[in-house]
1. Probe 1.4 Å, all protein chains in place: accessible area of residue 46 in Å², nearest 10?
2. Take 167, 117 and sort them by solvent-accessible surface of the protein heavy atoms, 1.4 Å probe, largest at the top.
3. Counting only heavy atoms of protein chains, what accessible area per residue, in Å², does region 32-147 have with a probe of 1.4 Å?
4. Just to verify a number: what accessible area does residue 36 come out at with the full protein assembly present, 1.4 Å probe, Å² rounded to tens?
5. Could you work out the pair-distance distribution P(r) of region 32-147 from its alpha-carbon pairs, with 10 angstrom bin width and percents rounded to whole numbers?
6. Got a number for the accessible area of residue 87? Probe 1.4 Å, square angstrom, nearest 10.
7. Set the Förster radius R0 to 22 Å, insert the Cβ-Cβ distance between residue 86 and residue 142 as r into 1/(1 + (r/R0)^6), and round the FRET efficiency to 0.05.
8. Once the piece of chain linking residue 117 and residue 198 is laid out straight, how much longer is it, given 0.36 nm per residue of separation minus the C-alpha distance between them?
Amino acid sequence: MRFGCEWAMALSMGTTNASPPLQDSCSLKLSVMEKLQLGPEILQRENPRLIYARLSGFGQSGSFSRLAGHDINYLALSGVLSKIGRSGENPYAPLNLLADFADGGLMCALGIVMALFDRTRTGKGQVIDANMVEGTAYLSSFLWKTQKSSLWEAPRGQNMLDGGAPFYTTYRTADGEFMAVGAIEPQFYELLIKGAYSAASLLFSRTKKSENTENFMTF
């Protein structure tokens with residue numbers, strides 16, 4: 001696993017050299033950086049303006065801190081995985097978009113941007129400590145805070161926004177593809193019903209016409 005602080009440190013050091021000195025680059029594991037005595041405490045003594053970004057899976061403390069993992073593991077430990085999936089089926093991970101990209105990379109990048117902004121006022125750097133489990137839990141705080149509301153009070157796959165509502169889900173189309181329906185607001189729901197009624201009426205009329213033709217030919 002690579003920890004994405006090379007860009008941040010090169011930026012914070014003010015260098016665009018393709019082959020920067022060792023202290024201008026940090027893309028190794030936490031334990032490796034500490035063994036090389038290139039941790040943030042040492043480097044920031046030499047350059048107080050340094051922004052040192054750390055991105056890990058499980059964080060720097062706890063029983064999982066030195067274990068490897070993948071997006072699905074971080075989702076499971078954060079609790080978010082239990083919320084994703086159809087009713088009566090196994091939970092499933094939505095590709096590796098949540099923990100790896102949104103809750104890991106994006107949170108770390110946001111921390112770097114905030115540290116850069118703060119440095120323009122204070123003149124001091126910071127240590128950005130981001131991990132994918134905590135990032136996922138933070139990003140999903142909306143789920144936990146609305147558990148007792150009408151949005152998430154039912155089990156997985158039976159709520160309005162997780163496939164439990166007929167007006168907010170996906171349907172297979174006649175050509176074997178799929179369509180997404182999101183008609184929460186009354187005006188959009190009304191259009192959905194009108195469209196479904198028109199399609200059903202058209203299908204019914206075609207079916208009756210076909211039956212009448214068949215009966216005529218049989219007679």
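1. Answer for residue 46: close to 120 Å² accessible.
2. Output order, biggest surface exposure first: 117, 167.
3. Roughly 57 Å² per residue, with all protein chains present.
4. 90 Å²
5. Values per bin, smallest distances first: 14, 36, 30, 15, 5, 1.
6. 60 Å²
7. 0.60
8. Computed gain between residue 117 and residue 198 is 23.6 nm.
The values are calculated or read from the model by the stated rules, or taken from the named source; none is laboratory data. Remember, it's a predicted structure, so these values are computed and weren't measured experimentally. In this analysis, Cβ positions are derived from the backbone assuming ideal geometry, glycine residues included, and neighbour counts consider all displayed protein chains. All accessible areas refer to the heavy atoms of the entire protein, side chains included, with ligands and DNA or RNA removed. Shrake-Rupley method; radii C 1.70, N 1.55, O 1.52, S 1.80 Å.
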